[in-house]
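Working notes, structure below.
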């Protein structure tokens with residue numbers, strides 16, 4: 001498939017996407033970034049061997065678009081306040097994500113525990129209503145011989 005300028009189209013590889021995202025993040029916070037700048041950052045090669053993707057192709061790629069929006073937001077904040085925003089270290093971001101995941105897991109476990117408590121109360125209520133005594137409910141289970149195998153009859 002050929003582009004409108006006659007060059008063959010080339011897909012964006014994950015490695016190239018990562019490179020473009022890194023270049024966008026390295027863009028100075030005090031300088032406004034535009035899509036033509038991103039197109040230049042994404043170009044590979046020089047001279048006649050130069051290949052560049054269009055704004056639409058780059059904007060359609062989610063990681064590139066998110067990096068662009070984040071960099072624009074950083075610039076807009078700088079433009080409005082005159083101060084650069086505080087940047088968190090990557091370690092803190094990783095820890096914050098882990099804390100959020102663990103808090104969500106704790107919430108799930110608490111809900112599961114509440115469900116078990118409700119089920120236990122329902123079992124006790126139903127056992128009492130159907131005349132099952134406490135001695136029957138507390139009786140030990142029959143032993144299971146797990147090491148014995150079934151001997152099948154050969155025909």
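Against the definition (within 17 Å of the chain's Cα centre (by Cα) and either in a helix (DSSP H, G or I) or in the same structural domain as residue 31 (by TED's automatic domain parsing) (or both)), how does residue 121 come out, yes or no? For residue 121, the condition - within 17 Å of the chain's Cα centre (by Cα) and either in a helix (DSSP H, G or I) or in the same structural domain as residue 31 (by TED's automatic domain parsing) (or both) - is not met.
Matching residues to (1) exposed (fewer than 10 other Cβ atoms within 10 Å of the Cβ); (2) in contact with a helix residue (DSSP H, G or I) (Cβ under 6 Å, 6 or more places away or on another chain); (3) at pLDDT below 90:
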| position | (1), (2), (3) |
| --- | --- |
| 5 | yes, no, yes |
| 8 | yes, no, yes |
| 12 | no, no, yes |
| 41 | no, yes, yes |
| 63 | no, yes, no |
| 81 | yes, no, yes |
| 84 | no, yes, yes |
| 90 | yes, no, yes |
| 99 | no, no, no |
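Keeping to segment 14-38, report how many residues are part of a helix (DSSP H, G or I) and either within 27 Å of the chain's Cα centre (by Cα) or modelled with pLDDT under 90 (or both).
15
Would you check if residue 67 is assigned by TED's automatic domain parsing to the domain that holds residue 24 and in a helix (DSSP H, G or I)? Yes, satisfied. Among the residues of segment 44-54, are any modelled with pLDDT of 85 or more and in a helix (DSSP H, G or I)? No: zero hits.
The values are calculated or read from the model by the stated rules, or taken from the named source; none is laboratory data. Keep in mind that this is a model prediction, so the values were computed, not measured. Ideal geometry is used to build each Cβ from the backbone, glycine not excepted, and the neighbour counts take in all protein chains shown.
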